[in-house]
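Everything below concerns the one structure shown next.
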Amino acid sequence: MIATTEQLGTYLESFTEFQKRAAGRDLPWLRRMRERAFARFCEVGFPTTHDEDWRFTNVSAIAKTPFELAGDVRVSQDEVKQFGLPGPGCRLVFVNGRFARELSSVGKLPAGVKVNGLAAEINANSSEVESHLGRYLDIQRDAFSALNTAFAEDGGYVHVRRGVVLTDPIYLLFISTASDKPLMTHPRNLIVVADEAQATIVEDYVSIGETSAFSNTATELVAGESAVVSHYMVEREHRQAFNISTLRIQQGRNANVSSHSVLLGGGVVRNNVHPVLAGEGGECLINGLFMGNDRQHLDNYMLVEHAAPHCASRQFYNGILDDLAHGVFHGRIIVHKDAQKTDAKQTNRNLLLSDDARIDTKPQLEIYADDVKCTHGATIGQIEENALFYLRSRGIDEISARKLLLLAFSNECLDRMAPSGARDHVEKLIHAHLLQIANSVKHLPDTARLEDKGRNVEEIG
């Protein structure tokens with residue numbers, strides 16, 4: 001573990017000041033939760049590549065940087081508009097981890113739906129927050145979760161009451177801003193979808209300016225009995241950003257949860273998804289697409305726990321890597337001894353577009369029940385030259401042909417998303433990013449560039 005005395009001293013100073021002003025500082029339960037979490041972080045420090053769960057990801061750059069807690073920063077509506085999801089039922093905007101009410105729009109929500117900043121909800125309704133906050137995230141297992149919990153204060157709060165059906169997505173936009181010093185934020189989201197309710201939640205992480213920033217996010221999502229929830233996580237920050245995110249899902253009986261992750265930006269990104277199927281008959285889909293170029297490092301860690309019988313889970317992750325990008329997929333399924341009749345599948349597929357791109361993939365099963373159906377697998381390949389030649393022979397230039405093949409590969413991820421405004425938003429971002437990757441092919445002469453040929457790849461794709 002990486003945790004020198006000097007580094008811990010920096011975090012201790014930040015934590016001491018944070019405790020004096022944090023929302024809910026006078027609530028004994030919240031103060032104890034934060035103190036326990038910070039003590040755990042001090043005990044273990046940052047993970048290293050000697051830890052099996054972090055074997056392929058080096059976070060020493062985070063550990064060695066003297067990050068400071070971000071303060072209040074003003075952002076204009078015009079700056080926010082460039083990132084927005086078209087027509088969301090509700091948009092909550094967070095600037096450097098803090099709820100910006102003046103930039104947010106709640107819209108017309110059905111009765112029985114509450115959305116707010118977590119800090120405001122802690123101050124106004126602490127008993128309801130206490131019943132869920134910190135109950136599911138495992139601070140013993142993960143140092144970043146412990147660090148987030150120590151600094152947990154603000155983020156998105158969503159509570160959908162029993163039987164309520166939300167047709168429009170709830171959009172949570174997290175903006176990090178530029179600064180003359182390295183800043184860190186620890187957004188904490190709490191999403192509770194009660195029995196027989198339905199909701200779609202989008203978390204979108206973006207940047208204004210390009211300076212070193214560390215975003216360490218944790219989301220606790222509780223899906224009640226027979227609830228249906230779709231959760232989207234989009235990461236598209238600048239290349240100097242460090243983004244660590246953890247989605248912890250607690251599923252009740254017959255709950256159906258879909259997690260969709262799309263990683264496009266960031267310098268070092270770690271995406272943790274940890275569902276626990278705690279109720280009989282639950283279903284969980286973990287679906288993801290990560291696309292990296294230059295020297296991006298994109299790490300996806302999936303831990304699926306089957307704790308009840310007759311549950312089904314599906315993991316599908318696709319990666320596209322170019323230049324010196326490094327991708328990681330570590331998928332782990334644990335079937336506990338009482339989880340008979342489990343049906344679990346795990347698949348990771350990867351395309352490497354350069355000789356220097358790298359993928360480490362590790363599908364893993366741990367089965368302690370004797371009546372299950374579990375499979376896993378991974379593939380690594382390149383764009384099929386025969387398919388590329390066929391498209392070229394039909395008069396399609398190389399960039400457009402590559403874009404078509406990459407689009408077909410990424411559409412496997414899109415096809416698993418239900419039609420909605422959230423999917424439309426993600427699809428637009430993916431198409432734009434694919435165009436960027438297709439145009440960055442190093443060996444093509446300038447005369448082969450798309451703009452020089454006057455062709456429109458968006459129309460072709």
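The values are calculated or read from the model by the stated rules, or taken from the named source; none is laboratory data. Owing to the predicted nature of the structure, the values given are computational and were not obtained by experimental measurement. Cβ atoms come from the backbone with ideal geometry, glycine included; neighbour counts cover every protein chain shown. Just so you know, the surface numbers come from the protein's heavy atoms only, side chains and all, with ligands and any DNA or RNA stripped out. Shrake-Rupley method; radii C 1.70, N 1.55, O 1.52, S 1.80 Å.
Just tell me, in residue order, which DSSP H segments of the chain are both 27 angstrom or longer along the helix axis (alpha-carbon based) and at least -0.5 in mean Kyte-Doolittle hydropathy.
421-439
5 Å is the cut-off here: which amide hydrogens, built 1.01 Å from N in the peptide plane, fall below it relative to Phe329, excluding neighbours closer than 5 in sequence?
Amide H to amide H, under 5 Å and 5 or more residues apart or across chains, Phe329 pairs with Asn300, Asp360, Thr361, Lys362.
Mind grabbing the accessible area of Ser131 for me, 1.4 Å probe, Å², rounded to tens?
60
What FRET efficiency, computed as 1/(1 + (r/R0)^6) with R0 = 45 Å and r the Cβ-Cβ distance, is obtained for Ala39 and Ala111, rounded to the nearest 0.05?
Rounded to the nearest 0.05, the efficiency is 0.60.
Considering every pair of different Cα atoms, what Kirkwood radius, in Å, is found for the chain?
22.7
Which percent of the accessible heavy-atom area of the chain goes to carbon and sulfur, probe 1.4 angstrom?
Carbon and sulfur atoms account for 47 percent of the accessible area of the chain.
Can you give the Rg and Dmax of the range 1-121 based on its C-alpha atoms, in angstrom?
Cα radius of gyration and Dmax of the range 1-121 are 18.7, 51 Å respectively.
How much length would be gained if the chain were fully extended between Ser179 and Arg239, taking 0.36 nm per residue of separation minus their Cα-Cα distance, in nm to one decimal?
Answer, rounded to one decimal: 20.1 nm.
Let me test this: with uniform point scatterers at the alpha carbons of the range 329-424, what is the Debye-based log₁₀ I(q)/I(0) at q = 0.11, 0.19 1/Å?
Log10 I(q)/I(0), no solvent term: -0.53, -1.01.
Under 12 Å from the Cα of Lys108, which aspartates and glutamates turn up, not counting those fewer than eight places away in the same chain?
Partners within reach: Asp168.
Where does the range 200-333 land on Rg/Rh, using Cα atoms and the Kirkwood Rh?
1.01
Which percent, nearest 5, of DSSP beta bridges in the chain are antiparallel?
If I count the DSSP bridges inside the chain, around 5 percent turn out antiparallel.
Using 0.36 nm per residue, how much length does the chain from Arg21 to Glu68 gain when fully extended, once their Cα-Cα distance is taken away?
That pair, Arg21 and Glu68, stretches by 15.4 nm at full extension.
Run the helix sum for the chain: -39,500 (n - 2.57) per DSSP H stretch of 4+ residues, divided by residue count, reported at 222 nm to the nearest 500 deg cm²/dmol.
After summing the helix terms and dividing by the residues of the chain, the value is -7500 deg cm²/dmol.
Provide the FRET efficiency to the nearest 0.05 for the Asp78-Asn123 pair, computing r from the beta carbons and using R0 = 22 Å.
0.15
Counting heavy atoms of the protein chains only and a 1.4 Å probe, report the per residue accessible area for the range 283-348 as a whole number of Å².
25
Once you have the alpha carbon radius of gyration of the range 272-372, what is it after dividing by 2.2 N^0.38 Å, with N set to its residue count?
Taking N as the residue count of the range 272-372, the ratio is 1.20.
Tell me, what is the FRET efficiency for Gln364 and Leu12 to the nearest 0.05, using R0 = 45 angstrom and their Cβ-Cβ distance as r?
For Gln364 and Leu12, the calculated efficiency is 0.80.
So if each residue of separation counts as 0.36 nm, and I subtract the Cα-Cα distance between Glu52 and Asp294, what length gain in nm does that give?
Gain on extension, Glu52 to Asp294, equals 84.5 nm.
Once the Cα atoms of the range 16-71 are picked out, what are the Rg and Dmax in Å?
Radius of gyration, then largest Cα-Cα span, for the range 16-71: 14.6, 41 Å.
Quick one: accessible surface of Tyr11, probe radius 1.4 Å, all protein chains present, in square angstrom to the nearest 10.
10
In nm, to one decimal, how far is the modelled label at Asn386 from the one at Ser420, with both set 7 Å along Cα→Cβ?
Label-label distance for Asn386 and Ser420, simple model: 3.9 nm.
Starting from the Cα of Lys403, draw a straight line to each of the lysines and keep only those under 22 Å, dropping any in the same chain fewer than 8 residues away.
Lys403 reaches Lys428, Lys442, Lys453.
Provide, as a two-decimal number, the C-alpha radius of gyration of the range 359-402 over 2.2 N^0.38 Å, N being how many residues it has.
Taking the Cα Rg and dividing by 2.2 N^0.38 Å, one obtains 2.07.
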